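Below is one structure, written out as structure tokens; comments come after it.
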Amino acid sequence: MFIKLNDRVYLNTDRITRVKIDNVQDGIRIRFYEGAAQVAKSGKFESYEAAQKWLEVNFVK
């Protein structure tokens, strides 16, 4: 299954093995991994709760 990550990127959820919410220098981002390799990252979020809510709505089915 694919989800729309942004205007140009669709993510194949069947290949994602790990998802991590990180507080980085420019904001909070969600990082997507296939094994040990990071394959995508989301846009910025204002809070951890906003990132977690987006993840639950768009990724967890």
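The values are calculated or read from the model by the stated rules, or taken from the named source; none is laboratory data. As the structure is a prediction and not an experimental result, all values here were calculated from the model. A quick note on method: Cβ atoms are made from the backbone with ideal geometry, for glycine too, and the neighbour counts reach across all protein chains shown. Ligands, DNA and RNA are excluded from the accessible area calculation, which covers all protein heavy atoms including side chains. Shrake-Rupley method; radii C 1.70, N 1.55, O 1.52, S 1.80 Å.
Could you report the range 11-54's accessible area per residue, 1.4 Å probe, as an integer in Å²?
For the range 11-54, the per-residue accessible area is 65 Å².
Hey, if you put +1 on the Cβ of every Lys and Arg and -1 on every Asp and Glu Cβ in the chain, which of VAL19, PHE59, MET1 ends up farthest toward the positive end of that dipole?
So the residue we want is MET1.
What number comes out for the charge environment of GLU34, summing +1 per Lys or Arg and -1 per Asp or Glu over other residues with Cβ under 15 Å away?
+4
Using a 1.4 Å probe on the protein heavy atoms, what percent of the accessible area of the chain belongs to carbon and sulfur?
Working: 2080 of 4440 Å².
With neighbouring chains kept in place, the figure for the chain is 47 percent.
No solvent, one uniform scatterer per C-alpha: report log10 I(q)/I(0) for the chain via the Debye equation at q = 0.14, 0.20, 0.21, 0.30 1/Å, two decimals.
The Debye formula, applied to the Cα set alone, gives -0.36, -0.75, -0.82, -1.46.
So how tilted is helix 48-58 from the main axis of the chain? Cα-based, degrees 0 to 90, rounded to 10.
30
Calculate, in nm to one decimal, what PHE2 and GLU34 gain on full extension: separation in residues at 0.36 nm each, minus their alpha carbon distance.
Contour length minus Cα-Cα distance gives 10.1 nm.
Got the relative contact order for the chain handy, in percent, Cα pairs under 8 Å and 6 or more residues apart?
On the way: 87 pairs, mean separation 15.5, N = 61.
Computed value for the chain: 25 percent relative contact order.
Evaluate the distance, in nm, between pseudo-label points positioned 7 Å from the Cα of VAL57 and of THR17 along their respective Cα→Cβ axes.
3.1
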